[in-house]
Amino acid sequence: MLRQIWAWVKPLATIAIILGALKITGLLAPVMGIAQSAMLFTGLFNASAKTENTPAEFDYGFLVQDLTGSRQHFSAYRGKVVFLNIWATWCPPCRAEMPSIEGLYQKFKDHDKVVFVMLSVDDEEKLENVRRYVTGKEHTFPVFMAASALPEQLRVPSIPTTFVISPDGQVVKREVGMRNYNTDKFEKFLRELADQ
């Protein structure tokens with residue numbers, strides 16, 4: 001009987017020890033990010049290119065600040081397609097999807113009608129952590145933090161969460177959880193939205 005219990009407990013104990021060691025050394029988030037990135041490339045987590053059935057009006061009434069501390073009102077993006085991703089440095093699924101977002105951003109970085117806003121929800125005192133993370137991963141997409149209270153629709157219960165906002169201020173897409181955004185279908189979706 002004891003051997004049967006040990007046979008069942010041993011693999012769980014091994015996993016718990018490994019996860020504990022990764023947590024203590026600070027490697028848990030990066031390792032989870034790598035594992036989840038590998039899952040993204042299977043294609044099972046590709047972002048949908050379909051619009052929401054019931055678009056909702058976006059609330060532009062808040063301020064953001066970039067990583068240098070420069071503030072701006074979010075309404076500066078009204079009239080453009082906005083790819084808005086809510087993330088945090090401590091979130092493994094957020095880390096996992098960032099290479100795909102960077103790839104998509106590279107296709108649109110010079111497009112005057114499409115903007116990317118990577119909105120970190122890390123605590124404001126963690127600004128240096130955000131800078132260090134983005135620089136260390138060589139991400140070039142624009143990164144911001146909230147500089148005022150976020151509207152209710154952006155107080156999401158789960159991250160990453162991504163919104164796509166049309167030029168007329170409608171939330172046409174809301175993706176919860178990690179996704180691969182660097183696909184031909186999603187690129188086409190953004191380009192068609194920008195050409196409307």
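Please treat every number below as a calculation from the coordinates, not as lab data. Note that this is a predicted model, so its numbers are computed, not measured. Heads up, the Cβs are rebuilt from the backbone with ideal geometry, glycines too, and the neighbour counts pull from every protein chain shown.
With bins 10 Å wide beginning at 0, the percent of Cα pairs of region 143-196 falling in each bin runs 18, 48, 30, 3. Residues whose amide H comes within less than 5 Å of that of K173, counting only those at least five positions distant or on another chain, are E52, V164 (H built at 1.01 Å from N in the peptide plane). Along its three principal directions, the equivalent ellipsoid of region 56-195 from the Cα gyration tensor extends over semi-axes of 21, 18, 14 Å, largest first.
Here the calculated FRET efficiency for A149 and D110, from their Cβ-Cβ distance with R0 = 41 Å, stands at 0.80, rounded to the nearest 0.05.
Counting 0.36 nm for each residue step from R174 to A21 and taking away their Cα separation leaves a gain of 51.5 nm. Were the residues from T140 through A56 laid out at 0.36 nm apart, the gain over their Cα-Cα distance would be 27.3 nm. Per-residue extension of 0.36 nm, minus the Cα-Cα distance of K80 and L67, leaves a gain of 2.5 nm for this segment.
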